[in-house]
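J.: Shown below is the structure under consideration.
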Amino acid sequence: MRKFLCTMFALTLLFVVATPSFAADTQTVNGWITDAKCGVKGANAGAAECTKKCIASGVAAVVVTDKDQTVLTIDNPDAIKGHEGHHVAVTGSVSGGKIRVDSVKML
């Protein structure tokens, strides 16, 4: 029984230590919600109508960051409904060139 408990304790400790290393990087980025077709060119207030049309027609939604003009593809586009073409602060899990949006706040 003691050997079993020691093994279970060791496995639990392993999972506790290893779990944070697998977690996605959650952060807040400021930028423009635009479409993948226009990308950086669509990251301004004048492109809002074009962005809405493109996203409605099936073009992928993206966030173009203010800091360095990085284009992040939005994994869950329903989370940004109503913010197409807006300047926003997006909080979510960033992994590679994608973001899974948790919340959106107008700037």
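Computed from the coordinates by the stated procedures, all read-outs in this text should not be read as laboratory data. Every value quoted in this text rests on a predicted model; they were computed, and no experiment measured them. Neighbour counts run over all protein chains shown; Cβ positions are idealised from the backbone, glycine included.
J.: Within straight cross-link reach of residue 105, meaning Cα distance under 14 Å, which aspartates and glutamates are found once same-chain residues fewer than 8 apart are removed?
T.: 84
J.: I want the local charge near residue 78. Using Cβ-Cβ distances under 13 Å, sum +1 for each Lys or Arg and -1 for each Asp or Glu among the other residues.
T.: Around residue 78, the surrounding residues sum to -1.
J.: Give the separation of the Cα centroids, the range 51-69 to the range 28-45, in Å.
T.: Between the Cα centre of the range 51-69 and that of the range 28-45, the gap is 5 Å.
J.: While we're looking at this one, here's another question. Assign one of three labels to the range 24-106, namely rounded, prolate or oblate, based on the Cα gyration tensor with a ≥ b ≥ c the square roots of its eigenvalues; rounded applies when a/c is under 1.5, prolate when it is not and a/b is larger than b/c, and oblate otherwise.
T.: Taking the square roots of the gyration eigenvalues as a ≥ b ≥ c, the range 24-106 is prolate.
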